[in-house]
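The values are calculated or read from the model by the stated rules, or taken from the named source; none is laboratory data. These numbers come from a predicted model, not from an experiment. Positions of Cβ are backbone-derived with ideal geometry, glycine not excepted, and every protein chain shown enters the neighbour counts. Heavy atoms of the whole protein, side chains included, go into the accessibility calculation; ligands, DNA and RNA do not. Shrake-Rupley method; radii C 1.70, N 1.55, O 1.52, S 1.80 Å.
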Amino acid sequence: MCGIIGYVGPRQAQDVIIGGLRRMEYRGYDSAGIAVVADAGLALAKKAGKLANLVAELAESPLPPSTQGIGHTRWATHGGPTDGNAHPHASQTGRVAVVHNGIIENFASLRADLEAEGVTFASETDTEVAAQLLGREVERAGSLVDAMRAVCNRLEGAFTLVAVDALSPGRIVAARRNSPLVVGVGVGEMFVASDVAAFIEYTREAVELGQDQVVEVTPDGYEVTSFTGEAAPSHPYHIDWDLSAAEKGGYDWFMRKEIFEQPRAVSDTLLGRLDGEGRLVLDEIRIDDAELRRVDKIVIVACGTAFYAGMVAKYAIEHWTRVPCEVEIASEFRYRDPIITPTTLVVTISQSGETADTLMAIRHAREQHAKVIAICNTNGATIPRESDAVIYTHAGPEIGVASTKGFTTQIVACYLLGLYLAQVKETKYGDEIRDLLSELEQLPAKMQHVLDGLDQMAGLARDFIGCKSLLFLGRHVGYPVALEGALKLKELSYLHAEGFPAGELKHGPIALVEDGLPVFVVVPPQGRDQLHDKVVSNIQEVRARGALTVVLAEEGDDEARPYADIFVELPKVPTLFQPLVAVIPLQFFACELATLLGHDVDQPRNLAKSVTVE
Ligand code: F6R
């Protein structure tokens, strides 16, 4: 949601800023804008719609040359996506310009006060309140950084603000509370941005900022202070991926590239997890073993696809550790007064590490003195920073809005955590854990095998192009895979798609089945309890009512095959690991169908990659 960038250095700010905004397009937005500090003062351009509209406007009326500026892609919250509501917003005097990510919750009362004092507002946004306050404060305080601190102390809610002052050339001031902001450190140039993709072209050195901090950057350095003006700690780090990871590399969509990167991403997530004695090591777990041994309940909290990864993880973690494990949607968690004690382990899963609902859930859990472990793909993001420990997935940047490699690597990281807990609690023998790890290590090759056979799904997408509704069924770990298959289709193709536990069919959903309705069924591997046979019966039930069955089952499953209109073969893997191979054809099918329908696969309508407001 909202991409923010600020630049100061020797280059033309407009080029750097537009390039940075382009790399943050994936975050989701509906208008874009830029402001630079030029010799004659501030110059602004902003346009509703895609960045291309702003670029076209700049081609017609270029901004004056400048080496300092700020830019923004806005995902509308307060006020529609119009030119006037697009950021940057300038103060009434035109002295300062501000871009903002987040929601200023007390904007209405602040705006009423300012209007009573004679300030005229040019937009409907909450952001303009910050611009107007900053414009007045900078006159009083004299410096932009002092003014920023004073303003931040009056704001409630979540915000990252980046500002320029026409009277302070060569300087940018930014502040953050509950919204992301990272500093990029170049040679003789500096960047601030919502994420490192915005400046990865120029530098791989970054600085994480903490909560309630203000940073002042000049071409040669940066200074971090708290909202009250004391020097504050910051954490420099090296970004372990480069520009090529943030580019499409010959694919038409980032999503397609990311689907195909999954074997590598899963291998990297598994890399280096065994010590010389064959014991599982998770360096990032900073909770001691004695404390983990006392854990008597695990609660996994996440949103969307990450929630479905958590649903898969529950089966594995309970099976291996015998500790009860709940999975909860983050936005529901803290509002129901959950039973959390100091012996509850809360596990959050978030690709971006910035999802506001998940972050609030962490804070709630920590207030109840629970330990929190984050599973996250983004180094230095707020969620891992605020957790007691973190297991990083090593998927590399995920730019397609629909999560793919995020999902599979999250599942793998959860498995590692489950096995680690089993090792610590001694609910599994060392050789059992080693066997499971060695099965996991074979997964990338099996995922590659699935990727090599995806032509069948491309054909299926062509056949299903006229469909209006699709169902997905699964049981056990196949159920979250069904939910994920339906979610991918909804968000990319905008078609009605539902996922159900296959066993629930007869309790209602079967009424949806009619002639020609495509029903995708994830069949558990053969020979596991009676699950397999029950799902095969479910396939027959929907087929008898006219459904067109797409059956995803393991190779050689001759019991399921006769009831499949389309049989999608999966490699043989243990039941708990089946989601890692079963989800790939569903991801690819959704990507193909959306492409055929002419949709923007990487930036589906209304969606943002990282949901930084509740
Ligand atoms: C769906 C999707 C979303 C995210 C959800 C959580 O394809 O990507 O449902 O999974 O918004 O995001 P993170 O993992 O960044 O917390």
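Counting other Cβ atoms within 10 Å, keep those with at most 12, restrict to DSSP loop, and tell me which GluC sites (Glu not before Pro) in segment 200-293 are left.
Working: sites: Glu201, Glu205, Glu208, Glu216, Glu223, Glu230, Glu247, Glu258, Glu261, Glu277, Glu284, Glu291; in loops: Glu201, Glu230, Glu247, Glu261, Glu277, Glu284.
Hits after loop and neighbour filter: Glu230, Glu277.
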Check: With every protein chain left in place, what is the accessible area per residue of segment 1-81 in square angstrom, probe 1.4 Å?
Finding: 35
Note to self: Suppose we keep just the DSSP beta bridges with both residues in the chain; what percent of those would be antiparallel, to 5?
What the structure shows: 60
Next item on the list: Provide His369, His449, His89 ordered by accessible surface of protein heavy atoms (probe 1.4 Å), highest first.
Entry: His369, His449, His89
Notebook entry, point to check: Which part of segment 328-360 falls in the paramagnetic zone of His369, meaning amide N under 12 Å from the point 7 Å along Cα-to-beta-carbon?
Noted result: 341-344
Next item on the list: Loop only per DSSP, at most 16 neighbouring Cβ atoms within 10 Å: give me the trypsin sites (Lys or Arg not before Pro) in segment 297-358, ordered by residue number.
Entry: Arg322
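Please compute the per residue accessible area over segment 217-331 with all protein chains in place, 1.4 Å probe, rounded to a whole number of Å². Walk me through the intermediate numbers first.
Details: 5350 Å² over 115 residues.
Accessible area per residue, segment 217-331: 47 Å².
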Item checked: Check: the chain dipole with +1 on Lys, Arg Cβ and -1 on Asp, Glu Cβ, in debye -> 460
Notebook entry, point to check: Can you list the lysines whose alpha carbon is less than 18 Å from that of Lys468, not counting same-chain residues fewer than 8 positions off?
Noted result: Lys488, Lys490
Check: Stretched out fully, how many nm does the piece from Thr77 to Arg293 gain, at 0.36 nm a residue minus the Cα gap?
Finding: 73.3 nm
Margin query: Please list, short to long, the whole-number percent of alpha-carbon pairs of segment 254-441 in consecutive 5 angstrom bins beginning at zero.
Written below: 1, 9, 18, 22, 22, 15, 8, 4, 0, 0
Next item on the list: Between Val187 and Ala40, take the C-beta separation as r, use R0 = 22 Å, and let me know the FRET efficiency to the nearest 0.05.
Entry: 0.15
Check: FRET efficiency for Glu541 and Asp275, Cβ-Cβ distance as r, R0 = 60 Å, nearest 0.05?
Finding: 0.75
Note to self: Run through segment 56-121 and list the GluC sites (Glu not before Pro) located in a DSSP loop whose Cβ has at most 12 other Cβ atoms within 10 Å.
What the structure shows: Glu117
Note to self: Using C-alpha positions alone, give me the convex hull volume of segment 3-246 per residue in cubic angstrom.
What the structure shows: 109
Next item on the list: Express the accessible area of segment 451-596 per residue in Å², computed with a 1.4 Å probe while the remaining protein chains stay in the model.
Entry: 35
Item checked: Where the Cα pairs of segment 231-326 fall when distances are cut into 5 Å bins, in % -> 2, 8, 10, 15, 19, 16, 13, 10, 4, 1
Next item on the list: Mind pulling up the Rg/Rh value for segment 451-596? Radius of gyration and Kirkwood radius, both on Cα.
Entry: 0.92
Note to self: What distance in nm separates the two pseudo spin-label positions at Tyr335 and His238, each 7 Å out from Cα along the beta-carbon direction?
What the structure shows: 4.5
Next item on the list: With the full set of protein chains in place, find how many percent of the accessible area of the chain is carbon and sulfur; take the probe as 1.4 Å.
Entry: 48
Next item on the list: With just the Cα atoms of the chain, tell me how far they stretch along each of the three principal axes, in Å, largest first.
Entry: 77, 57, 43
